[in-house]
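A.B. asks: Structure provided below as structure tokens; questions to follow.
The values are calculated or read from the model by the stated rules, or taken from the named source; none is laboratory data. Owing to the predicted nature of the structure, the values given are computational and were not obtained by experimental measurement. Counting neighbours? That spans all protein chains shown, and the Cβs are built from the backbone with ideal geometry, glycine included. Remember, those area values only see protein heavy atoms, side chains included, never the ligands or the DNA or RNA. Shrake-Rupley method; radii C 1.70, N 1.55, O 1.52, S 1.80 Å.
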Amino acid sequence: MIKILSPAQCRAARGLLAWTQEALADRASVSRSTVRDFETERHDLHRATERLLVEALEGAGVELIAADRDSGAGVRLRQPAGAD
């Protein structure tokens, strides 16, 4: 299975949104311990749980950037519509 979200991306995305682990957990309908354990690399995520986290982050405007051969994975905020 190809992972979409890394622990570092999850932490960075929350930082961009000024969300706590609890805020992300609430928005993704998962437990705070799931977010905490994933971000501290204590446990991997189940595919369905990863999808819930990704949907919550993307729904809030985060864009997950995949790693390529020149640089690592990252995150950024999408610009609001009409903001040029």
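A.B. asks: Can you list residues whose amide H is under 5 Å from residue 63's amide H, if they're 5+ apart or on another chain and H is modeled 1.01 Å from N?
C.D. replies: 76, 77, 78
A.B. asks: Give a residue-ordered list of calculated ³J(HN,Hα) values for the range 65-79 (Karplus: 6.51 cos²θ - 1.76 cosθ + 1.60, θ = phi - 60°; whole Hz; x for Gly, Pro).
C.D. replies: Working through the residues one at a time gives 10, 6, 5, 10, 6, 9, 8, x, 5, x, 9, 7, 8, 6, 6 Hz.
A.B. asks: Shifting gears a bit: Select from 25, 56, 73 the residue whose mean-square fluctuation is largest in a Gaussian network model of the chain (Cα-Cα springs shorter than 10 Å).
C.D. replies: Judging by the Gaussian network model, the answer is 73.
A.B. asks: Just to confirm, what accessible area per residue do you get for the chain at 1.4 Å probe, in whole Å²? If you can, show how the numbers build up before the last one.
C.D. replies: Working: 5460 Å² over 84 residues.
I get 65 Å² per residue for this part.
A.B. asks: A follow-up question, please. Whenever you get a sec, compute what percent of the accessible area on the chain sits on carbon and sulfur atoms (1.4 Å probe).
C.D. replies: Answer for the chain: carbon and sulfur cover 48 percent of the accessible area.
A.B. asks: Kirkwood Rh over alpha-carbon pairs of the chain, then Stokes-Einstein at 4 °C and 1.567 mPa s: what D in µm² s⁻¹, rounded to an integer?
C.D. replies: After rounding, the answer is 99 µm²/s.
A.B. asks: In nm, to one decimal, how far is the modelled label at residue 41 from the one at residue 77, with both set 7 Å along Cα→Cβ?
C.D. replies: 2.8
A.B. asks: Select from 27, 47, 11 the residue whose mean-square fluctuation is largest in a Gaussian network model of the chain (Cα-Cα springs shorter than 10 Å).
C.D. replies: Top of the fluctuation ranking is 47.
A.B. asks: Moving to a separate point now. How large is ³J(HN,Hα) for each residue in the range 9-24, as worked out from phi by the Karplus curve 6.51 cos²θ - 1.76 cosθ + 1.60 (θ = phi - 60°), to whole Hz, x for Gly and Pro?
C.D. replies: In residue order, the calculated couplings are 5, 4, 4, 5, 4, 4, x, 4, 8, 6, 9, 7, 4, 5, 4, 5 Hz.
A.B. asks: If you build a Gaussian network model of the chain, linking Cα atoms that sit under 10 Å apart, which residue out of 26, 70, 44 swings the most?
C.D. replies: Comparing 26, 70, 44 in the GNM, the peak value goes to 70.
A.B. asks: Show me, for the range 38-53, the HN-Hα J-couplings you get by feeding each phi into the Karplus relation (A = 6.51, B = -1.76, C = 1.60, θ = phi - 60°), rounded to Hz, glycine and proline as x.
C.D. replies: Result, rounded to whole Hz: 5, 5, 8, 6, 7, 9, 7, 9, 6, 3, 5, 5, 4, 4, 4, 5.
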